[in-house]
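Shown next, in structure tokens, is the structure this report addresses.
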Amino acid sequence: MSLHYMILGCLMDAPSHGYEIRKRIKELFQRSHNINEGQFYALLRKMEADSLIRKEVVLQEKNPPRKVFYLTEKGREELFAWLSSNGESDDIYRFDFYQAFPFLERCNYFKHLSDETALKLLERQAVLEEEKLEEFTKVRDNMQGLRLNQYRIGIIEFSLAFQKTKIEWLKNMKSKILENQPF
């Protein structure tokens, strides 16, 4: 998902200033650490120049003026067009499982390791994935308790299923190594 659409989606939820948009993106997508501040504000300026968003300067009593961004009708139309589209291009994201589970990139080269080392790495990753599963379960339970957006809860449910699949795959890989079976 491009930052462009993340911004449009955040502004669809509520008008916000730049810092608040970055904070919400981090909360929703755990991505703010990847967002370069200079690029972020340059993108806001470009989106404003393209009439997707508009900026209103709000004076504050003891602080500098705050720039609040709003979604324009053109921005709303672009967001809905993206929401209604078929999604990503298959060519670009053909191997997106590497992005979703970067550990797989390293697994490509485990043939150069001893079975003992590969087993240790698989076990260590399984522990990390179990910890994530516990964290996602707590998040889901909290969201359900607060009766938050059903679609966001559904996304967490998907994440839980994905975590379980990764854990099962790691166990299967370990078993195959231990039993000296071909993959």
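Any read-out appearing in this document is the output of simple, stated calculations on the displayed coordinates, not a laboratory observation. Here the structure is a predicted model, which is why all the values come from computation and not from measurement. Note that each Cβ is placed from the backbone with ideal geometry, even for glycine, and that neighbours are counted across all protein chains shown.
Brief remarks on what is shown
- Cα convex hull of the chain - mean projected area over all directions, nm²: 14.5 nm²
- Net length gained if the chain between THR117 and GLU168 were fully extended (0.36 nm per residue, minus Cα distance): 16.4 nm
- Electrostatic bookkeeping for LEU148 treats Lys and Arg as +1 and Asp and Glu as -1; over the other residues with beta carbon under 13 Å from its beta carbon, the sum is -1.
- Förster-model FRET efficiency, 25 Å R0, GLU131 and TYR41, C-beta, rounded to 0.05: 0.10
- The count of lysine pairs in region 96-178 that are at least 8 places apart or cross chains, and whose C-alpha atoms lie under 23 Å apart, stands at 21.
- Backbone phi angles across region 71-76, fed through the Karplus curve with coefficients 6.51, -1.76 and 1.60 (θ = phi - 60°), yield HN-Hα couplings of 7, 8, 4, 4, x, 4 Hz in residue order; Gly and Pro are listed as x.
- In this calculation the C-beta distance from GLU48 to TYR109 is compared with R0 = 45 Å, giving a FRET efficiency of 0.50.
- Axis of helix 3-13 versus longest Cα principal axis of the chain: the two differ by about 60°, to the nearest ten degrees.
- Residue-averaged [θ]222 nm for the chain, counting only DSSP H segments that reach four residues, each worth -39500 (n - 2.57): -21000 deg cm²/dmol
- Estimated FRET transfer efficiency (ASP141, TRP82; beta-carbon r; R0 41 Å; 0.05): 0.85
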